[in-house]
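Here's the structure we're looking at; comments come further down.
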Amino acid sequence: MTIKVILTDVEGTTSSISFVKEVLFPYAAEHLSGYVRANQNNEQVQQQLAATAQLLLDEAPDSEVSLDDLSADTDALINTLLDWIAEDRKATPLKALQGLIWAEGYQNGDYQAHMYADATRCLKQWKEQGLALYVYSSGSVKAQQLFFGYSQDGDLLPLFSGHFDTQVGHKQQADSYRNILAALQQDIDGLQADEVLFLSDIEAELDAARDAGMQTCWLIRDGEIAEEPGHMAVPSFDQIHPL
């Protein structure tokens, strides 16, 4: 079956994990408290603080603290968000706030997103060949757009037709990829699951995508590739031939 869509992960796939772990996460942790306090009247920030409070209450259903009281306790919410950063928790409100904070960093020129040269080269080539490119990452859509818009290889955002984050579901659950397929089919009439190629460095994500009917490719940039890796496995984008 011909591939019509490439759906790609970001960390460890198009870009190094170290950039996220050693640059973006520490930057968000350093600036989160000041950013939230300076912008706590901003509607977007208020929405994410409320969502953080709701998550806390969902995890403690017997709590006597009301949602309104918890939402108003900015100090407690900031501490929770900082704990989640330390845990690398994939909480949607945290990802949204990180995206807002990272926006300032990108726009201020504090850093540029790392890209593997082979990823940039092949993404451009696939776009020219007529493939539709999409992103699925645990980072928020906003964070993805900033990442590719302010990359070390320039503005790569025009390469992509769309972005997906944890709003569609966890990356290791097959239903998430079924949700993505349903959204893609609204853009591309008649698209079949096996016409979508998902790229990732995480085997469990690839397993979930395959369970949803997609084709898969495992990026193993460091270390040896096993004789029977379970998915098509390559060390770089240069070894992927979707057409």
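Taking region 210-239 as the range and being of a type outside the set (D, E, K, R) and in contact (Cβ under 8 Å) with a residue 40 or more places away in the chain as the test, the residues that pass are MET214, GLN215, LEU219, SER236, PHE237. Tell me, yes or no, whether region 33-40 has at least one residue that is in contact with a Ser or Thr (Cβ under 9 Å, 6 or more places away or on another chain) and assigned to a helix (DSSP H, G or I). Yes, that holds for at least one residue. LYS90 falls short of the stated requirement of being in the same structural domain as ALA182 (by TED's automatic domain parsing) and either of a type in the set (Lys, Arg) or not in a helix (DSSP H, G or I) (or both). Candidates TRP84, TRP102: the one that is without any contact (Cβ under 8 Å) to a residue 12 or more places away in the chain, hydrophobic (A, V, I, L, M, F, W, C) and touching a helix residue (DSSP H, G or I) at 6+ places or on another chain (Cβ under 7 Å) is TRP84. Among the residues of region 175-198, is any free of Cβ contacts under 8 Å to residues at least 24 places away in the same chain, closer than 18 Å to ILE6 by Cβ, outside any helix (DSSP H, G or I) and of a type in the set (A, V, I, L, M, F, W, C)? Within region 175-198, not a single residue is free of Cβ contacts under 8 Å to residues at least 24 places away in the same chain, closer than 18 Å to ILE6 by Cβ, outside any helix (DSSP H, G or I) and of a type in the set (A, V, I, L, M, F, W, C). Scanning region 110-146 for residues that are part of a helix (DSSP H, G or I), of a type in the set (A, V, I, L, M, F, W, C) and modelled with pLDDT of 95 or more yields ALA117, ALA119, CYS122, LEU123, TRP126. Being surrounded by 17 or more Cβ atoms within 10 Å (Cβ to Cβ), modelled with pLDDT under 95 and either more than 24 Å from LYS21 (Cα to Cα) or in contact with a Gly (Cβ under 9 Å, 6 or more places away or on another chain) (or both): is that true of LEU57 here? No: the conditions fail for LEU57. Residues in region 77-135 that are farther than 16 Å from ASP238 by Cα and of a type in the set (Val, Ile, Thr) were compared, and the one that is surrounded by the fewest Cβ atoms within 10 Å (Cβ to Cβ) is THR92. Residue-level check: of (1) more than 13 Å from the chain's Cα centre (by Cα); (2) at pLDDT 95 or above, GLU104 misses just (2).
Checking the structure you have, find out if any residue of region 2-21 is loosely packed, with under 15 Cβ neighbours inside 10 Å and either touching a Cys at 6+ places or on another chain (Cβ under 8 Å) or more than 24 Å from GLY154 (Cβ to Cβ) (or both).
Yes - at least one qualifying residue is present in region 2-21.
Between ALA72, ALA86, the distinction of being of a type outside the set (Val, Ile, Thr), over 30 Å from ARG121 (Cβ atoms) and under 22 Å from the mean Cα position of the chain (by Cα) belongs to ALA86 only.
Among residues that are at pLDDT below 90 and of a type in the set (D, E, K, R), ASP83 is not included. In this structure, GLY105 does not satisfy being touching a Lys or Arg at 6+ places or on another chain (Cβ under 7 Å) and within 18 Å of SER33 (Cα to Cα).
Looking only at residues that are among the hydrophobic types (A, V, I, L, M, F, W, C) and either farther than 21 Å from GLU43 by Cβ or touching a residue at least 12 places away in the same chain (Cβ under 8 Å) (or both) in region 60-75, which one is surrounded by the most Cβ atoms within 10 Å (Cβ to Cβ)? The qualifying residue surrounded by the most Cβ atoms within 10 Å (Cβ to Cβ) is LEU70.
The values are calculated or read from the model by the stated rules, or taken from the named source; none is laboratory data. Values in this document were obtained by computation on a predicted structure and should not be read as measured data. No Cβ is skipped: glycine too gets one built from the backbone with ideal geometry, and neighbour counts run over all protein chains shown.
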